[in-house]
Amino acid sequence: MPGSRSWAPALFLSIMGFLVVAFYLLPLLLTVWASFTPIRDWRVESLGKSVGLDNYRRLFYLIRHDPDMGKVLETTVVFVSGTLLVNVVGGFLLAVAAFLLDERVSLGFRLLWLLPRMTPVAVFGLLWYYFFHGNGMFVHFLQALGLLEGPTWIGQDQRFLPWGAWFIIIFVNGLVGVSYGMIIFYSAFKSIPRDIYMAALVDGARLRDIILKIMVPLTRWHIIFVTVWQLLSLLTTYAHLYVLVEWRVVDKWYGMTWSLYVFETAFGSTVSDQALAAAAAVILIVVGIGLGLATLRIMGFERELKPVRGDI
Amino acid sequence: MMRGALSLASRLLGRRGGRLEEAPLTGRGFQAILVLALLAASLPIILSYTLLVELSFSSTLIMSPFQKTQFTLENWRLFLEGKLAPTAARIYSPAYIRSMIVNTLIVAAGVTVVVIAASAPAAYALSRLRFRFRAATLRFLILLHAFPGVALIIGVYAVYVYLYKRLFVGGLLPKEYLLLYSFAYVIVARASLEVPMSTWILKGFFDRVPWEVEWAALVDGASRLRTFWQVMLPLIKPGLAAVAIFAFMAGWEELIYVVVFLPREAPTLASFIHYQLSGGSLEASYLPVVAAAATVYLIPTILFFVFTQKLLLEAAHGGLKA
């Protein structure tokens with residue numbers, strides 16, 4: 001490569017490079033740094049002082065002794081595993097259905113299921129605010145089935161906690177996330193040579209065999225990829241949870257996962273403890289980098305698989 | 001050429017070009033069962049979106065799309081006049097409602113511009129130029145995309161506060177520029193989150209442009225910059241359009257950054273809806289008016305949806321085809 005052109009990459013990468021440094025690397029360093037300082041109420045001057053590992057000690061003290069923190073941890077585990085199951089299994093089933101259907105009908109359904117992903121968070125939150133409203137459609141539905149008497153907020157009512165709140169957060173985030181697996185799996189099914197399906201059909205294979213013996217094994221890397229990527233996304237997502245909690249659709253603590261806890265601790269109306277939030281965020285960063293690296297390795301196995309868009 | 005024409009013809013003709021399309025693998029009866037099952041599963045989605053739009057035209061607070069109600073434009077009138085709640089403190093002006101829509105547009109358009117400006121040249125370099133750390137940069141971008149946003153926003157806000165103190169408390173800039181500062185910051189900060197993935201998508205488009213095209217330009221004496229601007233960029237217009245649409249939607253729908261960085265006096269549609277509902281304080285009688293706001297907010301989403309169906313399905317996982 002002639003030296004005269006060596007300026008070119010730097011020039012072309014300059015704007016992106018600046019944004020990456022200013023809005024990823026610097027904030028990342030600052031967040032990690034802040035976890036060793038006494039910063040509160042956004043007094044950035046406090047970033048010059050050090051408190052050693054105090055914030056981590058406080059965090060682990062809370063984990064051990066604060067019942068609300070216990071709820072956050074429980075909610076994180078239930079939310080992540082529950083929604084992950086919905087997204088991977090649900091996405092797979094949707095993709096199978098879409099694959100088996102006539103293309104025009106299939107297109108309609110795939111678009112319909114993409115709608116939640118494309119809907120602004122505030123509107124999507126509003127839809128489910130109405131739906132799970134104390135006097136909303138869902139309550140009416142339960143009343144019609146004779147499971148419930150009188151109006152109540154399922155996500156807040158002590159009788160139904162914690163599962164009432166957990167059901168709602170898994171339901172809402174599942175609807176957003178399930179289309180991700182659907183799209184990846186659908187295109188994976190399409191890329192399997194049609195002759196294989198045809199041969200199986202001619203040999204008299206049943207649908208169950210086609211799914212279990214052709215579709216699952218041939219898309220196993222896609223399944224692993226979607227699972228790991230979704231796991232990472234669900235650990236870090238918080239926008240939908242934020243509106244559900246702030247709008248009181250669900251109980252504050254049984255609607256709060258670890259990442260929402262980080263956000264609420266840093267930006268909340270009652271707490272403004274950035275030092276503690278930063279310590280909690282560092283744990284998320286470590287997990288995030290680990291899972292991100294795992295995703296990269298999987299993508300190495302499956303080269304044709306392109307990286308992805310979407311937050312959930 | 002011929003095959004392209006044929007497939008285009010078959011697409012235009014739909015079923016009538018039937019032989020070119022693949023027949024479904026299963027029989028009609030099974031198809032019917034599948035459709036019914038999928039419809040049942042889709043019911044919450046269908047019902048909730050229907051309810052939202054219906055509620056905005058409804059004279060009473062309905063809680064399901066089947067409830068009897070009368071058609072009215074009253075909610076829309078109230079919304080457009082800024083009358084959202086009974087207490088005087090909450091009655092806004094029509095200008096306020098307009099500014100809210102404009103604010104949302106500013107953020108969305110700003111994010112689009114920043115994303116394209118940052119990712120198009122970077123994608124070109126990553127696709128076409130040879131330099132050290134090229135592969136590492138590509139891998140690094142995926143890691144960035146996967147990075148927990150909530151961990152970043154603390155640092156991003158700390159920088160915002162620091163700059164605010166230097167610029168405005170320190171007296172470098174008069175207070176009138178504060179709003180401008182907030183908007184600029186929220187736009188660039190939010191756009192940055194889209195840049196890694198947009199770069200990847202655009203790189204895919206550049207990868208598909210034949211090398212010969214570029215050689216021809218370079219051999220003719222065009223500089224890299226000129227080749228990029230005059231030859232390559234026009235060739236990846238579909239990719240630019242796709243990335244621009246996604247960036248616009250990302251800016252349009254943003255809630256968290258807007259709530260964090262923009263003052264309450266400068267709401268977007270997202271933060272407006274959020275402020276109405278947060279704390280569970282809104283009177284139920286005004287929920288239909290909020291539904292009108294949300295319906296307005298949903299319009300671009302629906303438009304993009306209708307006009308970019310194929311693009312959405314192909315691009316949603318980055319497997320874009322040029």
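A short reminder: the numbers here are calculations on the coordinates, not readings from a lab. Please read these numbers as outputs of a predicted model, since none were measured by experiment. Positions of Cβ are generated from backbone atoms using ideal geometry, with glycine treated the same way; all protein chains shown enter the neighbour counts.
Assorted remarks:
- Exposure proxy ranking, count of Cβ atoms within 10 Å, fewest first, for B:231, B:186: B:231, B:186
- Our helix-only sum for the protein assembly as shown, with -39,500 (n - 2.57) per DSSP H run of n ≥ 4 divided by its residues, gives a mean residue ellipticity at 222 nm of -21500 deg cm²/dmol.
- Relative contact order (%) - segment A:56-301, alpha-carbon pairs under 8 angstrom, separation at least six: 29
- Prolate/oblate/rounded label for the protein assembly as shown (Cα gyration tensor, a/c 1.5): rounded
- A Förster radius of 35 Å combined with the Cβ-Cβ distance from residue B:215 to residue B:113 puts the calculated FRET efficiency at roughly 0.65.
- When only alpha carbons are used to place a centre, segment A:260-293 and segment B:168-185 end up 28 Å from one another.
- Note on residue B:93 and residue B:71: the model spin-label points, each 7 Å out from Cα along the C-beta direction, lie 3.4 nm apart.
- Within 10 Å of the Cβ of each residue in A:126-138, the mean number of Cβ atoms contributed by other protein chains is 6.
- Lysine pairs in the protein assembly as shown with Cα atoms under 18 Å, if 8 or more residues apart or on separate chains: 14
- Close amide-amide hydrogen proximity is noted between residue B:58 and B:72, each under 5 Å apart and 5 or more residues distant or on a separate chain (H modeled in the peptide plane; Pro and chain starts excluded).
- Counting Cβ atoms of other protein chains within 10 Å of each Cβ in B:170-182 and taking the mean gives 0.
- Footprinting exposure proxy for A:223, A:196, A:169 (fewest neighbouring C-beta atoms within 10 Å first): A:196, A:223, A:169
- Relative exposure of A:103, A:149, judged by other C-beta atoms within 10 Å (fewest first): A:149, A:103
- For segment B:229-275 and segment B:31-77, distance of Cα centres in Å: 28
- Stretching residue A:64 away from residue A:41 to a fully extended chain increases their span by 5.8 nm, per 0.36 nm per residue minus the current alpha-carbon distance.
- Cβ-derived FRET efficiency at R0 60 Å, residue B:136 paired with residue A:203, nearest 0.05: 0.80
- Protection proxy ranking, highest mean first, for peptides B:265-276, A:198-209: B:265-276, A:198-209, where packing is the per-residue count of other beta-carbon atoms within 10 Å, averaged.
- Put a dot 7 Å past the Cα of residue A:53, heading toward its Cβ, do the same for residue B:265, and the two dots end up 4.7 nm apart.
- Cα gyration tensor, segment A:56-301 - rounded (a/c under 1.5), prolate or oblate: oblate
- Spin-label pair residue B:225/residue A:252, simplified geometry with 7 Å Cα→Cβ offset, distance in nm: 5.6
- Förster radius 51 Å - calculated FRET efficiency between residue A:220 and residue B:178, Cβ distance, rounded to 0.05: 0.40
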